[in-house]
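Engineer: Structure in C-alpha cells, see below.
What follows draws every value from the coordinates through simple rules; no lab data is involved. Bear in mind that the values here come from a model prediction, so they are computed numbers and not experimental data. Quick reminder, even Gly has a Cβ in these numbers, built from the backbone with ideal geometry, and neighbours come from all protein chains shown.
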Ligand SMILES: Cc1cc2nc3c(=O)[nH]c(=O)nc-3n(C[C@H](O)[C@H](O)[C@H](O)COP(=O)(O)OP(=O)(O)OC[C@H]3O[C@@H](n4cnc5c(N)ncnc54)[C@H](O)[C@@H]3O)c2cc1C
C-alpha cells in the first residue's frame, strides 16, 4: 500500500487515535489543532472506559423523564431556549428515536465500538508502556430510591441477554460493604465489574508523546477555516497558521464539526452537550470504585493523584461561560451519597462540549462532497470509551481493508447527508 500524506484536523482523543492507527499503517500524519492538543472535551472528562454504557440516551420514557427533571429548579439536564432551527431539528429527531426500536437500533454498534476499544486500550497501553492510571475496578451505579434500584433489574436483564454485559446487584447496606465510602441508608447499587477508568489529561499527554515518537507532526494554534479543492478532491486545509496540503483529510473536530460547514460543504447535525467537572485533591475517604450517583446524574472518579466529580448536560449552544450553579449541582449531588464527598482544595474546574448526535452513534464516514475527506466525530458521552476502535476503523476504511466493525450504521447518510 502506498504511503500517503494525511492531515487529521482536531487533537482530541478521537483525532489522536485516528492519527495513531494511520501512522502505524505506514502513512505520514499531521495533526492540525485550533488550540492546544488535548484541550477540548477530551481534557477533564470522567475517564470511564465503560462497556456497560451499551444503551444510547434514546431510551423509552426518556422524554417524559427529562421533562420532569427539567421542571426541578436544579436539574442536571437543561435546554437553554433559543431560536435555532438546527437545535429544534436535532431535538425532534432525538425525540423520534426515544423508543425501544430507536434504542436497539444504535445499541449493537455502540457495543461493538466499546468492546473493541476496551481491548485496543489494553493492547496499546501494554505494548507502548503508557502510564495513564489505568484501573479495572468496574463502575458502580448507586441509587437512593428503592423503586429506581429495583427498576434497573429490567435494564440489566436486557443488556445481559442481548450483549452479554452483566451487572451484580448490591441491595441496601450490601452496597456500602462493597464501597465503604458511600453513606448508609442508600437503596443499593449495580456493579459492572468489566468497566475501567483512566486519567484523561494524562492519557492525552501520553498519546502526544507516543504520536511524536512515531513520527506524527502536531501543529497547534492552527484553526481550519476552509479547504482548497480541485474537482471532487481536497488539496489542502486552510488554517489561521497557513495551508497544509495532503492526500487525505480527516475531521475529528468533536462538537465543533458543524462549525466547519464552509470547509466541508455541508453541516453535520451535532449539538454541543455541555458538561462540567471539578477535580480536587483526594478526600480522606476515597471511593475505591468509580461511581454514578444515578438520581442526580453525578459521576465520581478516583485517580491516583486527584478526584473528580463530573457530569450534567446542558444544551446551550457554544456557550463558553463557567456557570457556578452547574458546579454546585455536582457538589450537592455528591454530598447526598458520600460521607466525604470532595475536598476544598480544587485542582481544576472545567467544562467540555460533548459532541451529541440525535441517535447516539458517532459518524465515521467519507464525505459526499470530497472523495478524500473523512469525518470521525459525534461520540456523544462516550468519546473516550470509543476512540481507539474509531481510529482503527477509520484507518481500515482509508486503507481499503476489511473493517473490523460494520461502518454502515456510522454513515453520514443516516443523518440525512448524501
Ligand atoms: C463532563 C464530561 C464527562 C465525560 N465523561 C466521559 C467518560 O467518562 N467516558 C467517555 O467515554 N466519555 C466521556 N465524556 C465524553 C468525551 O469527553 C467526548 O466524547 C470526547 O472527549 C470527544 O472527543 P473528540 O476527540 O471527538 O473531541 P475533543 O476532545 O473536543 O477534540 C476536538 C478537537 O478539535 C479541535 N478543533 C475544533 N475545530 C477545529 C478547527 N476548525 N481547526 C482545528 N481544530 C479544531 C478542538 O480544538 C479540539 O481540540 C465526557 C464529557 C464530559 C463533558
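Engineer: Placing one identical point scatterer on every Cα of the range 1-74 and ignoring solvent, what is log10 I(q)/I(0) from the Debye formula at q = 0.12, 0.14, 0.24, 0.28 Å⁻¹?
Structural biologist: Values, matching the q order: -0.59, -0.70, -1.03, -1.15.
Engineer: Would you mind checking the tilt of helix 62-71 against the longest principal axis of the Cα atoms of the chain, expressed as 0 to 90 degrees and rounded to 10?
Structural biologist: It is inclined by approximately 70 degrees.
Engineer: Further question: Take the Cβ-Cβ distance between residue 406 and residue 158 as r, set R0 to 30 Å, and report the resulting FRET efficiency rounded to the nearest 0.05.
Structural biologist: About 0.90, to the nearest 0.05.
Engineer: Which residue fluctuates the most in the chain, going by a Gaussian network model with Cα springs under 10 Å, if the choices are 229, 136, 82?
Structural biologist: Maximum among the listed residues: 82.
Engineer: A follow-up question, please. Using square roots of five times the C-alpha gyration tensor eigenvalues, list the equivalent-ellipsoid semi-axes of the chain in whole Å, biggest first.
Structural biologist: Values for the chain, descending: 35, 23, 21 Å.
Engineer: Find the Cα radius of gyration of the range 260-418, compare it with 2.2 N^0.38 Å by division, and give the number to two decimals.
Structural biologist: Details: Rg = 19.0 Å, N = 159, 2.2 N^0.38 = 15.1 Å.
After normalising by residue count via 2.2 N^0.38 Å, the value is 1.26.
Engineer: Starting from 0.36 nm per residue, how many nanometres of slack lie between residue 328 and residue 348 once their C-alpha separation is accounted for? Intermediate values should be presented prior to the final figure.
Structural biologist: On the way: separation 20, 0.36 × 20 = 7.20 nm, distance 1.40 nm.
In short, 5.8 nm is gained.
Engineer: List, largest first, the extents of the alpha carbons of the range 1-158 along their principal axes, each in whole Å.
Structural biologist: Extents along the principal axes: 54, 42, 30 Å.
Engineer: Right, something else. Would you please give the FRET efficiency between residue 320 and residue 288, computed as 1/(1 + (r/R0)^6) with r the Cβ-Cβ distance and R0 = 45 Å, to the nearest 0.05?
Structural biologist: 0.80
Engineer: For residue 79 paired with residue 228, estimate the spin-label separation in nm (one decimal), with each label point 7 Å from Cα along the Cα-to-Cβ line.
Structural biologist: 4.3
Engineer: Next up: Using a Gaussian network model of the chain with C-alpha springs under 10 Å, which one of 113, 329, 259 is most mobile by mean-square fluctuation?
Structural biologist: Among 113, 329, 259, the largest mean-square fluctuation in the Gaussian network model of the chain belongs to 259.
Engineer: Separate question: Relative to the first principal axis of the alpha-carbon coordinates of the chain, what is the inclination of helix 13-24, with its axis defined by its Cα atoms, in degrees from 0 to 90 and to the nearest 10?
Structural biologist: 50
Engineer: With angles folded into 0 to 90 degrees, how steeply does helix 146-163 sit against the dominant principal axis of the chain? Use alpha carbons for both and round to 10.
Structural biologist: 40
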